[in-house]
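Visitor: Okay, here's the structure, questions in a sec.
Each reported figure results from applying straightforward, stated rules to the coordinates on display, with no laboratory input. Note that this is a predicted model, so its numbers are computed, not measured. Please note: Cβ atoms are built from the backbone with ideal geometry, for glycine as well, and neighbour counts cover all protein chains shown.
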Amino acid sequence: MDRVRIGIIGLGIMGNLYTKIYSAHPLAEVVAVCSLRQEQVDEIRSRYGVRDGYVDYRKMLERKDLDAVVVATPDRHHFAPTRAALESGKHVLVEKPFMMSVSEADALIRLSQRVGKFIQVSFNHRWLSAYQQAKQTIQSGQIGVPLAGYARKNDTLYVATDYISWAGETTSAWFLSSHDIDLMRWWVESEPVEARALGRKEVLVARGIPTYDVIQAQVKFASGAFVTFESAWVYPNTFPSIVDSFMEVIGTAGHLHMDRKCESLEVSTNEKFSYPKGFLTAEIYGRLRGAFPSCLEDFLFAIRENTQPHVTAIDGRQVTAALEAIHRSLETGAVEAVAPLPKEFGELHASC
Ligand SMILES: NC(=O)c1ccc[n+]([C@@H]2O[C@H](COP(=O)([O-])OP(=O)(O)OC[C@H]3O[C@@H](n4cnc5c(N)ncnc54)[C@H](O)[C@@H]3O)[C@@H](O)[C@H]2O)c1
């Protein structure tokens, strides 16, 4: 295979980035893009020199000259384009959260196995060097056996009010903790089995956005480890970064702390004080580099080398199952069981 021929569905903040990265990559060719709005399609096509554009992804998927499809639609709209892409014989790179229900996730895993095409879920934090080092440190036994953990991803209000237009259709946990749940199950090499969660709805509801301001969920893993996942969308916009991210693992012989509130750089000007982000994407000598482009590049390698991606639909499904239990617990106030992975899907953690 010369270059991987890619179609991109969803051309918002993320779809723009996918098109930018893949259209500059020597192993990829962005053949077509698709969004609901014609003017967005036209703008992205002319910005990155993409040959064709569509407002209906089903039309785009009729093309025989696509090897793979990116699904970068809002959280609640991942299922139909992913299913259609697999049915048309394309590999899929889908944004997180993989799906918002276990039944959808399981149906897609079965479909991908049936058609022999794979799904990579865009948990791009796995490509952050500090998180890879954390994985290696835990795996080598340096902190002993993981006992407990804590993960916080809290955004400024701006994210729910301006950055995305569909905050009311999802929650901070689906949007933010999905990354952290994936990281924790990867690090502790164990699967979530039950969850209990509390949430508050005050600030965003008052602004007409029907979703939680903050969610805290305590998740128990099969190994006995337990982790608190916190996500919020109500930090004041004066906070010096769009997201405050902190992760901790406590083991029998040590601990890890990973603080990404400030990703090294601190800037003060007469207007504001800020912590600019640069670990996921940073423009270096005219190209985007960082964890996110590396995640996209590994999808190309998986296709070219015909190997399973590093982060699969099974990983996405396990995160969805934990989040589904968390959201059930938000409604019931009870401890809720996490739907176990069907045995037919095979071994977990084989590729850790
Ligand atoms: N991995 C990460 O770090 C990260 C960061 C931010 C967002 N995300 C995820 O990426 C996804 C997209 O987020 P975004 O911020 O780019 O959203 P966005 O609102 O900016 O863009 C969504 C795009 O999808 C298009 N769309 C919606 N339904 C469609 C359909 N049926 N067919 C074709 N196009 C359709 C819209 O027209 C729009 O172009 C979300 O699931 C989000 O959670 C991931």
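Visitor: For each of LEU176, LEU36, LEU296, LEU280, count neighbouring Cβ atoms within 10 Å of the residue's Cβ, then give the residues from fewest to most. All intermediate terms of the calculation are to be shown ahead of the outcome.
Guide: Working: LEU176 27, LEU36 14, LEU296 23, LEU280 19.
Ranked by crowding around the Cβ, least crowded first: LEU36, LEU280, LEU296, LEU176.
Visitor: Over region 227-275, what relative contact order in percent results from Cα pairs under 8 Å that are six or more residues apart?
Guide: Rounded, it is 29 percent for region 227-275.
Visitor: Nearest-5 percent of antiparallel DSSP beta bridges in the chain?
Guide: Looking only at bridges with both residues in the chain, the antiparallel portion is about 60 percent.
Visitor: Taking amide H positions as placed in the peptide plane 1.01 Å from N, state which residues far from ILE8 in sequence (5 or more) or on other chains have amide H under 5 Å from it.
Guide: Long-range HN contacts for ILE8: ALA32, VAL33, CYS34, VAL70.
Visitor: Hey, can you grab everything whose amide H is under 5 Å from the amide H of VAL145? Only 5+ residues off in sequence or another chain; H modelled, so Pro and N-termini drop out.
Guide: Placed amide hydrogens put THR252, ALA253 under 5 Å from VAL145.
Visitor: What per residue convex hull volume, in Å³, do the alpha-carbon atoms of region 4-124 yield?
Guide: 91
Visitor: I would also like to ask the following. Convert each backbone phi in region 33-38 into a coupling constant with the Karplus relation 6.51 cos²θ - 1.76 cosθ + 1.60 (shift: θ = phi - 60°), then list the ³J(HN,Hα) values in order as whole Hz, x for Gly and Pro.
Guide: Result, rounded to whole Hz: 10, 8, 8, 5, 9, 4.
Visitor: Run through region 1-83 and list the chymotrypsin sites (Phe, Trp or Tyr not before Pro) located in a DSSP loop whose Cβ has at most 14 other Cβ atoms within 10 Å.
Guide: Taking region 1-83 and a limit of 14 other Cβ atoms within 10 Å, no loop chymotrypsin sites (Phe, Trp or Tyr not before Pro) are found.
Visitor: Which translational diffusion coefficient, to the nearest whole µm²/s, is obtained for region 73-175 from the Stokes-Einstein equation, given a Kirkwood hydrodynamic radius over C-alpha pairs, 4 °C and 1.567 mPa s?
Guide: Answer, rounded: 80 µm²/s.
Visitor: Over the chain, what is the relative contact order in percent, taking alpha-carbon pairs closer than 8 angstrom and at least six residues apart?
Guide: On the way: 738 pairs, mean separation 64.7, N = 352.
It rounds to 18 percent for the chain.
Visitor: In terms of the ratio Rg/(2.2 N^0.38 Å) built on C-alpha atoms, what value belongs to region 138-261?
Guide: Scaled against compact globular proteins, the figure is 1.12.
Visitor: When the Cα centres of region 279-344 and region 39-101 are compared, how far apart do they sit, in Å?
Guide: 18
Visitor: Give a residue-ordered list of calculated ³J(HN,Hα) values for region 226-240 (Karplus: 6.51 cos²θ - 1.76 cosθ + 1.60, θ = phi - 60°; whole Hz; x for Gly, Pro).
Guide: 10, 9, 9, 10, 10, 9, 9, 10, 10, 5, x, 5, 6, 4, x
Visitor: Any idea what the relative contact order of region 34-132 is, in percent, if you count C-alpha pairs under 8 Å spaced at least 6 apart?
Guide: Relative contact order, region 34-132: 20 percent.
Visitor: I'd like the Kirkwood hydrodynamic radius of the chain, using the inverse of the mean 1/r over distinct C-alpha pairs, in Å.
Guide: The answer is 20.9 Å.
Visitor: Explain nothing, just compute: Karplus ³J(HN,Hα) = 6.51 cos²θ - 1.76 cosθ + 1.60, θ = phi - 60°, for every residue of region 54-70 in order, whole Hz, x for Gly and Pro.
Guide: 9, 10, 10, 5, 5, 5, 4, 6, 5, 5, 8, 9, 10, 8, 8, 10, 9
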